[in-house]
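Only one structure is covered here, and it is reproduced in the block below.
The values are calculated or read from the model by the stated rules, or taken from the named source; none is laboratory data. Please read these numbers as outputs of a predicted model, since none were measured by experiment. Note: ideal-geometry Cβ built from the backbone for every residue, glycine included; neighbour counts use all protein chains shown. Just the protein is used for accessible areas: all its heavy atoms, side chains included, with ligands, DNA and RNA removed. Shrake-Rupley method; radii C 1.70, N 1.55, O 1.52, S 1.80 Å.
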Amino acid sequence: MKITYFLINFLITASSVMVGLSFSKLARPTIPAIAHYFGTKGRYEEVNPHLLDDILFVNRTLVVPPSPDCRAIHMVSVIRHGTRYPTTKNVKKIARLFDLVVSDASGSASWLNNIKTWKMWYTEDMDGRLVDKGRDDHRHLAMRLAQSFPTLISEDLLRANRIEFITSSKHRCIDSVKAFQEGLHRLWDVQDMDYKHYVDDSLMRFFDHCERFVEGVEKNKTALKEVERFKSSAEMDAVRKKISNRLQIPYNQITPDMAEAVFFLCSYEFAIKSENSPWCDLLDESDAQVLEYKSDLKQYWKRGYGHDINRKSSCPLFHDIFKRLDKAANDYRFGEVKKTATIQVGHGETLLPLLSLLAFFKDENPLTAENFSSQHNRMFRSSQIVPYAANLVFVLYECSDRLRVQLFLNEKPMTFPSMNHSAPLYETVRKHYSKLLHGCDFNKECDVPQSNLRNTEF
């Protein structure tokens, strides 16, 4: 009988309790040497390793107001869902890899025996669902944000319906926003509060609604040609040959997808179960750098700077963020700010286009299949930008010299492009993005004339 992801989830939780562990109190596993290269499948703790010692630690020096006379009056946050199971597509890749290794790999190394005796426990019905670690990602993030900005997120404000929760329709996002609310419940020891959230895919999954993106990138086989070219590069060939030699399996059977499946399996085992899997022994650091670059190429050309429509598809979310900040600024001028915080939960695919639209992490040279060797110090690195539970937070302050805004990515302050102040005047930020604020029209950017539907190449 097929084990469903529900039973698997129960077994993982039960086993962790039996050995005296809890995902809320992070154990210190032997961290794979390649964990910093897992891209969008990386743990949040690799970006903020201090959380391994104290999952609720807040660095107060990073969240102090711009000056003593400033007071936070509003927050808008965009948060990626927490740690999840592989999608059905990746479960199938992992299953093919496992079958190949069990049937064809040879050798006497202990790590190979550990791989062969490893049990294939991923099932297709898991399909990207949130895992217990993912729930804890959001519970703990909620607690830290509430401690960082107590005037914006508090029990009284939540009871007064002054905090709004918005989510993508995907189950992993809905479960994440519920876990975020549970974190606040635990922090304040609340027993009698009803939580609400609103599903809004026009904001959290804007890419699905942008016809020019869907036709020109999503369905266009040539849009990711740099990724396909990198699959047949000398760097990828070297990775495949090393895996082939380690497993003593013919090189032609270790396809680029098989090599990537090894990488995925190592990352999933670590992110979901905090285990340094024997599958990680198949890859060294140079292999991981190549596979990370392949992943970043995909994100760059599908969600980042590769095609202009990738960024422009996020116009609805961009406008909504500034609309909320504008409303808070206006409310402040005429009395009390009605909403103090907006918590929005979406995807890595929500954050990367928005960050690109805002002109963050833009490298001087585009990422291509040919320039891997010159991109080791690239800014566009998904491992650092969008791990599980990645979060982008805008905080609006009322100060003696007018309103200021501060931006945080993964709980670290970020400076807006072309600005040298960590918390510039809000009007300066609006002026900087004035072309987008007065343009970036979703219909104009995303509608495809019927006569152009067949010509989808950029």
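Tabulated results
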{"read-out": "Selection status of Leu352, under 25 Å from Arg205 (Cα atoms), part of a helix (DSSP H, G or I), modelled with pLDDT of 95 or more and not small (Gly, Ala, Ser)", "value": "yes"}
{"read-out": "Criterion: open to solvent by 30 Å² or more (accessible area, probe 1.4 Å), among the hydroxyl-bearing types (Ser, Thr, Tyr) and part of a helix (DSSP H, G or I) - qualifying residue of Ser169, Ser108, Ser103", "value": "Ser103"}
{"read-out": "Within region 355-381, considering residues that are part of a loop (DSSP other than H, G, I, E, B) and hydrophobic (A, V, I, L, M, F, W, C), the one most open to solvent (accessible area, probe 1.4 Å)", "value": "Met379"}
{"read-out": "Condition check for Asp54: farther than 16 Å from Val395 by Cβ, among the acidic types (Asp, Glu), out of contact with any helix residue (DSSP H, G or I) (no Cβ under 6 Å at 6 or more places or on another chain) and part of a helix (DSSP H, G or I)", "value": "no"}
{"read-out": "Contacts under 7 angstrom Cβ, first residue in region 230-246 being free of Cβ contacts under 8 Å to residues at least 12 places away in the same chain, partner buried (at least 17 other Cβ atoms within 10 Å of the Cβ), 6 or more apart", "value": "Ser244/Ile254"}
{"read-out": "Thr350 being surrounded by 20 or more Cβ atoms within 10 Å (Cβ to Cβ), β-branched (Val, Ile, Thr), under 30 Å from Lys225 (Cα atoms) and touching a helix residue (DSSP H, G or I) at 6+ places or on another chain (Cβ under 9 Å)", "value": "yes"}
{"read-out": "Sole exception among (1) more than 18 Å from the chain's Cα centre (by Cα); (2) within 28 Å of Glu45 (Cα to Cα); (3) of a type in the set (Ser, Thr, Tyr) for Ser244, by number", "value": "(2)"}
{"read-out": "Selection count where residues are surrounded by fewer than 20 Cβ atoms within 10 Å (Cβ to Cβ), outside any helix (DSSP H, G or I) and either in contact with an Asp or Glu (Cβ under 7 Å, 6 or more places away or on another chain) or of a type outside the set (Gly, Ala, Ser) (or both), scope region 306-336", "value": "2"}
{"read-out": "Scope region 179-194; condition in contact (Cβ under 8 Å) with a residue 24 or more places away in the chain and either within 14 Å of Phe165 (Cα to Cα) or touching an Asp or Glu at 6+ places or on another chain (Cβ under 9 Å) (or both); matching residues", "value": "Ala179, Phe180, Gln181, Glu182, Gly183, Leu184, Leu187, Trp188, Val190, Met193"}
{"read-out": "Hey, Val290 assigned to a loop (DSSP other than H, G, I, E, B), open to solvent by less than 50 Å² (accessible area, probe 1.4 Å), of a type in the set (A, V, I, L, M, F, W, C) and touching an Asp or Glu at 6+ places or on another chain (Cβ under 9 Å) or not", "value": "no"}
{"read-out": "Matching residues, region 111-127, being in a helix (DSSP H, G or I) and either closer than 24 Å to Ser383 by Cα or under 21 Å from the mean Cα position of the chain (by Cα) (or both)", "value": "Met126"}
{"read-out": "Answer residue from region 29-50, given it is under 18 Å from Ser267 (Cβ atoms), of a type outside the set (Gly, Ala, Ser) and more than 15 Å from the chain's Cα centre (by Cα) and is modelled with the lowest pLDDT among those", "value": "Pro29"}
{"read-out": "Yes/no for Lys241 being touching a Phe, Trp or Tyr at 6+ places or on another chain (Cβ under 7 Å) and part of a helix (DSSP H, G or I)", "value": "yes"}
{"read-out": "Hey, Asp281 open to solvent by 40 Å² or more (accessible area, probe 1.4 Å) and within 30 Å of Thr117 (Cα to Cα) or not", "value": "yes"}
{"read-out": "Selection from region 402-424 of residues that are crowded, with 17+ Cβ neighbours inside 10 Å and either part of a loop (DSSP other than H, G, I, E, B) or more than 21 Å from the chain's Cα centre (by Cα) (or both)", "value": "Leu403, Arg404, Val405, Asn410, Glu411, Phe416, Ala423, Pro424"}
{"read-out": "Pick from region 128-161, criterion within 22 Å of Asp200 (Cβ to Cβ), assigned to a loop (DSSP other than H, G, I, E, B) and at pLDDT 95 or above, ranking: most open to solvent (accessible area, probe 1.4 Å)", "value": "Arg129"}
{"read-out": "Pick from region 83-100, criterion open to solvent by 70 Å² or more (accessible area, probe 1.4 Å) and without any contact (Cβ under 8 Å) to a residue 60 or more places away in the chain, ranking: farthest from Thr255 (Cα to Cα)", "value": "Lys89"}
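Here's the yes/no breakdown for (1) hydrophobic (A, V, I, L, M, F, W, C); (2) within 19 Å of Lys339 (Cβ to Cβ); (3) open to solvent by 80 Å² or more (accessible area, probe 1.4 Å):
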site: Glu164; (1), (2), (3): no, yes, no
site: Ile174; (1), (2), (3): yes, no, no
site: Gln191; (1), (2), (3): no, no, yes
site: Lys196; (1), (2), (3): no, yes, yes
site: Asp201; (1), (2), (3): no, no, no
site: Arg212; (1), (2), (3): no, no, yes
site: Glu215; (1), (2), (3): no, no, no
site: Leu224; (1), (2), (3): yes, no, no
